[in-house]
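Reviewing the structure listed below.
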Ligand code: NAD
Ligand code: DAU
């Protein structure tokens with residue numbers, strides 16, 4: 001078991017990062033957490049209102065590509081761990097504008113690796129550079145099979161290839177320079193504070209507002225969904241107990257076809273809003289498919305379960321009901337993050353998909 005005094009979390013104002021910051025502060029009562037985030041459209045300090053006055057928490061606005069800033073932060077806070085989540089994370093945006101993904105996901109990761117390497121040269125005690133990655137690096141599955149940690153990389157979108165590149169860099173810094181690293185590759189997360197460009201919050205919002213529900217292609221693509229707080233718990237366990245240099249796949253053992261998931265969301269939202277059951281089904285609209293749309297992702301998470309004792313703590317039924325309730329009760333959050341430039345993005349993306 002490793003122990004850390006000061007952890008640099010990158011991308012802590014985003015969806016998963018905000019849950020990770022909260023989890024580390026509550027599970028590790030002696031640890032300081034510094035959240036470095038550029039506050040792009042996806043980062044929002046509202047996601048962390050409940051911890052902002054915690055004396056062990058500090059927020060720094062900045063870009064992970066800013067080498068001088070990161071070097072300064074390493075000197076000021078003497079980090080002994082980095083949990084690296086900052087990224088451009090939405091596949092559709094990567095198809096529209098790949099360069100931002102290469103800059104943040106590849107160059108940003110390399111900048112952090114260099115900073116950790118030089119700050120930790122000749123140091124003693126526990127150190128860990130933990131890189132948070134995605135199952136999308138393994139490519140796309142057919143109807144059968146699961147991604148294991150040994151599955152060869154086969155990324156197929158600008159997003160997944162930029163994440164695969166960053167995974168390779170992290171392993172290269174480990175093998176070449178001896179940087180102590182761990183990597184995890186996780187399936188689709190859902191839960192509170194997810195930016196509503198992603199499937200589940202987008203559908204909840206559109207059902208609420210009685211807007212069309214855009215299903216790409218024929219809706220039979222499959223994703224494995226994991227509750228974000230379970231992902232945050234897995235990250236906490238891997239950071240403190242994962243073997244140096246090792247990779248862990250994290251998944252929910254919970255595969256859904258997109259169309260079935262949207263039907264389930266319709267059922268839950270209609271029920272919560274006291275509408276006639278299924279009345280929002282009429283909103284389903286099949287639109288042009290995502291370019292290069294990966295068919296199926298599914299994870300073999302047996303390594304993290306057998307070696308570290310982690311498995312999901314709640315069922316999808318529980319998690320999805322809590323998630324629908326959260327978005328319906330936090331309409332202000334949903335409306336504030338979707339005002340302004342998001343509306344332009346929505347019109348551009350979905351105007352094109354009819
Ligand atoms: P997100 O888009 O919600 O948040 C990303 C955060 O990174 C935002 O707060 C943003 O402001 C920040 N950021 C972006 N560019 C930055 C830069 N150059 N410098 C500093 N901060 C920057 O993403 P998420 O869904 O929370 O994903 C977090 C990480 O987890 C990503 O690395 C992603 O690849 C990975 N991941 C996500 C999922 C998922 O289902 N969402 C699944 C597996 C892995
Ligand atoms: O698998 C992990 C990955 O999951 C993460 O690495 C990514 O950061 C995260 O965005 C997510 O990627 P996906 O592309 O799987 O998620 P998204 O929510 O964008 O889409 C889920 C599925 O729903 C996918 O098959 C595309 C489909 N979809 C999505 C949207 C936004 C639709 O049919 N309609 C939509 O409007």
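Of note:
- Qualifying position, being under 15 Å from residue 160 (Cα atoms) and buried (at least 21 other Cβ atoms within 10 Å of the Cβ), among 87, 116, 81: 87
- No other residue among 310, 256 is assigned to a loop (DSSP other than H, G, I, E, B) and either more than 15 Å from ligand 2 (Cβ to nearest atom) or in contact with a strand residue (DSSP E or B) (Cβ under 9 Å, 6 or more places away or on another chain) (or both) apart from 310.
- Of all residues in region 339-354, those being loosely packed, with under 10 Cβ neighbours inside 10 Å and not in a loop (DSSP other than H, G, I, E, B) number 3.
- Of all residues in region 20-39, those satisfying the criterion of being under 20 Å from residue 73 (Cα atoms) and in a loop (DSSP other than H, G, I, E, B) are 30, 31, 38, 39.
- Exactly one residue out of 12, 17 is surrounded by 24 or more Cβ atoms within 10 Å (Cβ to Cβ), modelled with pLDDT of 95 or more and in a loop (DSSP other than H, G, I, E, B): that is 12.
- Residue satisfying all of: in region 76-97; more than 28 Å from residue 199 (Cα to Cα) and within 24 Å of the chain's Cα centre (by Cα); nearest to ligand 1 (Cβ to nearest atom) among these: 82
- The number of residues in region 22-43 that are touching a helix residue (DSSP H, G or I) at 6+ places or on another chain (Cβ under 6 Å) and within 11 Å of ligand 1 (Cβ to nearest atom) comes to 1.
- Residue list for region 130-146, restricted to those being surrounded by 11 or more Cβ atoms within 10 Å (Cβ to Cβ) and over 21 Å from residue 31 (Cα atoms): 133, 134, 135, 136, 137, 138, 139, 140, 141, 145, 146
- Matching helices (runs of 4 or more DSSP H) fully within region 46-161 where at least 1 residues are more than 16 Å from ligand 2 (Cβ to nearest atom): 67-77, 98-101, 109-120
- Checking residue 73 against (1) closer than 23 Å to residue 126 by Cβ; (2) within 14 Å of ligand 1 (Cβ to nearest atom); (3) under 20 Å from the mean Cα position of the chain (by Cα), the condition it does not meet: (3)
- Condition met for residue 268 (part of a helix (DSSP H, G or I), away from ligand 1 (no atom under 16 Å from the Cβ) and surrounded by 17 or more Cβ atoms within 10 Å (Cβ to Cβ)): yes
- Failed item, numbered, when residue 127 is tested on (1) surrounded by fewer than 19 Cβ atoms within 10 Å (Cβ to Cβ); (2) in contact with a helix residue (DSSP H, G or I) (Cβ under 8 Å, 6 or more places away or on another chain): (1)
- If you filter region 188-217 down to residues that are in a loop (DSSP other than H, G, I, E, B) and away from ligand 1 (no atom under 16 Å from the Cβ), you find that the one that is nearest to residue 47 (Cα to Cα) is 209.
- Among the residues of region 241-249, some residue qualifies, meaning at least one is away from ligand 2 (no atom under 16 Å from the Cβ), in contact with a strand residue (DSSP E or B) (Cβ under 7 Å, 6 or more places away or on another chain) and on the phi > 0 side of the Ramachandran plot.
- Leading residue by the ranking (surrounded by the most Cβ atoms within 10 Å (Cβ to Cβ)) among those in region 190-215 that are within 26 Å of residue 300 (Cβ to Cβ) and within 9 Å of ligand 2 (Cβ to nearest atom): 194
- The residues of region 218-239 that are under 14 Å from the mean Cα position of the chain (by Cα), more than 10 Å from ligand 1 (Cβ to nearest atom) and in a helix (DSSP H, G or I), listed by number, are 229, 230, 232, 233, 234.
The values are calculated or read from the model by the stated rules, or taken from the named source; none is laboratory data. Fair warning: this is a prediction, and the values are worked out from it, not measured in the lab. So basically every Cβ, Gly included, is an ideal-geometry build from the backbone, and we count neighbours across all protein chains shown.
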